[in-house]
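Take a look at the structure set out below.
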Amino acid sequence: DEYSKDDGLSVRNLMLLFSYLCIFDVIACDLVYDLLSVLSERLTELDVSTVLTILQCCGMKLRGDDPGAMKDFVLSIQNLVRQSKLRSAGREDGKADLHSKRMEFMLETICDIKNNKKRSKEDPSQHTRVKKWLQKLKSEDILLRGLKWSKLLDPEKKGQWWLSGDVSSTAGNVEDVAAVISKEVVEAQKLVHLAAAQRMNTDIRRAIFCIIMSAEDYVDAFDKILRLDLSGKQDREIMRVIVDCCLQEKTFNKYYTVLASKLCSHDKNHKFSLQYCIWDRFKELDEMELNRSMNLAKLVAEMLASFSLSLAALKVVNLANPVEMTPKKTMHFRMMFETLMQKEDSLMWNVFTRIVGNPELELLRDGIVMFVRQHVIAKDAGKELAGKFKIAKKALDNSAGVLM
């Protein structure tokens, strides 16, 4: 469309976008060479300008990816110029003047690329950061391979025509493709209905929920959550959705703790969001269903073990106060400490040592010792946790704060 309008600026911007897609390996060099071949056959003034834009932006990249194709392109341009010189100087066909500065500059640029001569403005290192970012986002999932320029211009293309593999290559007919798409639609609809049932009442919460529940693993979920690019207070919803999902499971699933730990290690703001979310759940313990309470206890224990949370998070609870520690709260924190004390000795030592040395946490330290002695060790029929308790108590007395 922009070509038909003879809008040079719009065409240049589109070609820059196209060229950068090649630089960042989103499209293959074959597609760019296809376009260059089409332009070189006509070589109007706008064609020359377009070729020049592409070569200046990604010429060296094209040469590096396929030197043979670059050689063929250079030869075709040289042949075209040689033939054109035999024609009359006056032009009525709209083609570029061979003696124009733009044409001369294009020929110089082609010659430089052919001879592997980089211009001072070219600095491939500036693209390294973007490429690494794209790799972290697993952009290979959306790479366009095996496309031809003629296919892009084909008005009859239908369905997922850009796919060179997966659905387009393995599906033998329209019915197969329709079945695959229908299955994906049904799965998406199920997730949306499930999100509504789990009280995911905003677009952000629903998006996070669908990512978490449909991800292949925690790495896949982590990458997709980062792609949401949430701003301001929106990213606080991530931890809330993770905790909600964990609590609603019939049996505890460590998938949520591994994902939460990954996010906390990526951005410390998630640690604060998680802590405030846990505090809100502590307020609901007396009304919380037993299964949800047990899942929360194990979640907190795992987050303590991964150092995404500190035992200081328990400062909002008076573990030594028998009035405040109702039967439901007692059962909850007993499960939490039992889960934590099943970890290896060195990890346990480091978890408890983290709250040593802070005078403001003295009441918390005393409360932990009292609670564990009365409600964990006293209830431990096999006396398996007695040795763990000694390690925990010694760690809390470790005034130097030495870690294992």
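Listing for the model above:
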| read-out | value |
| --- | --- |
| Among the candidates GLU249, GLU284, GLU302, residue that is at pLDDT below 95 and within 27 Å of VAL369 (Cα to Cα) | GLU284 |
| Residue match in the range 316-336 (condition: within 41 Å of the chain's Cα centre (by Cα) and among the polar types (S, T, N, Q)) | yes |
| Hits in the range 203-261 (condition: of a type in the set (D, E, K, R) and buried (at least 17 other Cβ atoms within 10 Å of the Cβ)) | ARG205, ARG206, LYS224, ASP235, ARG236, GLU237, ARG240, ASP244 |
| Every residue from the range 41-71 that is surrounded by fewer than 17 Cβ atoms within 10 Å (Cβ to Cβ) and of a type in the set (Gly, Ala, Ser) | GLY64, GLY68 |
| Residue identified as among the polar types (S, T, N, Q) and surrounded by fewer than 16 Cβ atoms within 10 Å (Cβ to Cβ) among THR326, THR339 | THR326 |
| Near pairs, Cβ below 6 angstrom, 6+ apart or cross-chain, from the range 232-244 (over 27 Å from SER293 (Cβ atoms)) to any residue that is assigned to a helix (DSSP H, G or I) | GLN234/ILE204 |
| Members of the range 219-231 that are under 19 Å from ASN269 (Cβ atoms) and under 11 Å from the mean Cα position of the chain (by Cα) | ALA221, PHE222, ASP223, LYS224, ILE225, LEU226, ARG227, LEU228, ASP229 |
| In the range 283-300, the residues that are among the aliphatic types (A, V, I, L, M) and crowded, with 23+ Cβ neighbours inside 10 Å | LEU296, LEU299, VAL300 |
| Residues of the range 50-83 classified as under 14 Å from LEU107 (Cα atoms), small (Gly, Ala, Ser) and over 35 Å from the mean Cα position of the chain (by Cα), total | 1 |
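The values are calculated or read from the model by the stated rules, or taken from the named source; none is laboratory data. This one's a predicted model, so the numbers in the text were calculated from it and none came from an experiment. Cβ coordinates were reconstructed from backbone atoms using ideal geometry, including for glycine residues, and neighbour counts include every protein chain displayed.
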